1. With respect to the numbered conditions (1) closer than 29 Å to T81 by Cα; (2) loosely packed, with under 10 Cβ neighbours inside 10 Å; (3) modelled with pLDDT of 85 or more; (4) not hydroxyl-bearing (S, T, Y), which one is the sole condition not fulfilled by E259?
2. Please find, within the stretch 189-215, the residue that is nearest to R165 (Cα to Cα) out of those that are over 17 Å from the mean Cα position of the chain (by Cα) and in contact (Cβ under 8 Å) with a residue 24 or more places away in the chain.
3. Considering only the stretch 78-98, how many residues are surrounded by 14 or more Cβ atoms within 10 Å (Cβ to Cβ) and either in contact with a Lys or Arg (Cβ under 7 Å, 6 or more places away or on another chain) or not polar (S, T, N, Q) (or both)?
4. Considering only residues of the stretch 160-184 that are of a type in the set (G, A, S) and part of a helix (DSSP H, G or I), which is surrounded by the fewest Cβ atoms within 10 Å (Cβ to Cβ)?
5. If you scan the stretch 185-235, which residues turn out to be in a helix (DSSP H, G or I) and closer than 29 Å to K96 by Cβ?
6. Sort out which residues of the stretch 132-158 are modelled with pLDDT under 70, charged (D, E, K, R) and within 25 Å of T117 (Cβ to Cβ), and write them in order of number.
7. In the stretch 216-240, what residues are among the aliphatic types (A, V, I, L, M) and over 13 Å from the mean Cα position of the chain (by Cα)?
8. Filter the stretch 107-123 down to the residues that are without any contact (Cβ under 8 Å) to a residue 60 or more places away in the chain and part of a loop (DSSP other than H, G, I, E, B), then identify the one that is nearest to V246 (Cα to Cα).
Amino acid sequence: MNQQPAWLHQGQCAFTWAVAIAMTLTLACVPSPARGDTPPAVLTPGPSPTPAPLLATTPVEDPAFTQRLARADALIAKVKTLRAGFEQAKHTPMLKRPLVSSGTVVSAAGTVKWTTTTPRAMTMLVTPTALSILYPQDNRVEVYPMGAEFRDLAGAPLPSIDALRGRFWFAQMPLAELGVTPERERRDGAELLGVKLTPKDASLARHVSSVGVLLDLRIPAATRVVIVDGDLERTEMTLFDVRVNVVVPAAELGLNTPEGTTTVFPLGPVLPATPMPTPTPAPTSPAAGPKVGG
């Protein structure tokens with residue numbers, strides 16, 4: 001089986017469908033911490049120099065699905081902050097019962113904070129440059145650098161579909177496969193959209209076989225995410241009490257580490273994000289007026 005960090009195993013949580021995918025994109029093989037409890041995972045990527053495509057041809061999307069996906073993208077682009085509760089279950093053949101955890105998630109200003117309350121308290125903070133995990137009972141914080149190629153995805157609250165198309169094939173997913181009952185589908189089906197994402201390259205597919213997302217366009221946000229990993233283990237995540245564009249104080253987006261907490265960097269120090277260069281405007285003559293005509 002693939003060696004994965006222990007904190008992967010409580011699931012790929014997400015506060016919207018796009019963040020779920022961003023979190024999947026940030027998957028990597030980093031050493032497992034020596035503990036059995038695990039927080040929700042946004043994982044830092046390892047290098048993948050030349051990924052080999054899994055499919056020789058691009059699947060043809062249904063035009064009606066593509067149109068609904070574009071509508072979802074436009075709605076999601078208007079979301080700036082989010083609060084929600086989550087419950088997730090990790091199903092593995094090695095255990096008779098799933099590993100279940102729950103807590104809350106909040107996001108604003110390019111930062112996502114996951115607070116797991118059961119079965120054991122822990123906090124995970126994701127910024128455009130780093131992923132930090134606080135184990136309060138151990139007085140320990142682990143900080144992992146966020147790979148540069150995924151900073152635009154994991155740091156922003158809602159990556160665009162265009163950004164995700166670089167690594168995934170998109171297809172419509174039957175609502176029943178995402179746990180929607182026939183009654184709910186008849187009642188709310190027009191505002192629900194099932195999306196299945198399949199990795200395009202072999203390096204990502206080693207960790208993620210597929211991601212299914214149930215979008216509720218009335219919020220707009222995901223209410224359910226199902227991730228099947230490279231070993232065909234399944235993580236199911238359900239969001240509830242989802243509220244978007246609400247006030248999120250900056251103070252709420254910190255780790256609030258207890259006194260005496262030790263901070264470690266298992267993969268090395270976190271470097272600050274490199275600012276984009278500011279283009280130098282072309283010189284203009286003070287006497288020049290607006291150009292008219294060709």
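The values are calculated or read from the model by the stated rules, or taken from the named source; none is laboratory data. Quantities reported herein were computed from a predicted structural model and do not represent experimental measurements. Here the Cβ positions follow ideal geometry from the backbone for every residue, glycine too, while neighbour counts run over all protein chains shown.
1. Tallying (1) closer than 29 Å to T81 by Cα; (2) loosely packed, with under 10 Cβ neighbours inside 10 Å; (3) modelled with pLDDT of 85 or more; (4) not hydroxyl-bearing (S, T, Y), E259 fails exactly one: (1).
2. If we take residues in the stretch 189-215 being over 17 Å from the mean Cα position of the chain (by Cα) and in contact (Cβ under 8 Å) with a residue 24 or more places away in the chain, then K200 is nearest to R165 (Cα to Cα).
3. 12
4. Initially, the stretch 160-184 is screened for residues of a type in the set (G, A, S), giving 160, 163, 166, 171, 176, 179.
Right, trim to part of a helix (DSSP H, G or I) and you get 163, 176.
Working: A163: 17, A176: 11.
Among those that are of a type in the set (G, A, S) and part of a helix (DSSP H, G or I), it is A176.
5. A205
6. none
7. Selection gives L217, I219, V228, L232, L239.
8. Restricting attention to the stretch 107-123, the residues satisfying the condition of being without any contact (Cβ under 8 Å) to a residue 60 or more places away in the chain are 110, 115, 117-118, 121.
Within this subset, residues satisfying the condition of being part of a loop (DSSP other than H, G, I, E, B) are 110, 121.
Details: G110: 15, A121: 25 Å.
Of everything passing the filter in the stretch 107-123, G110 is nearest to V246 (Cα to Cα).
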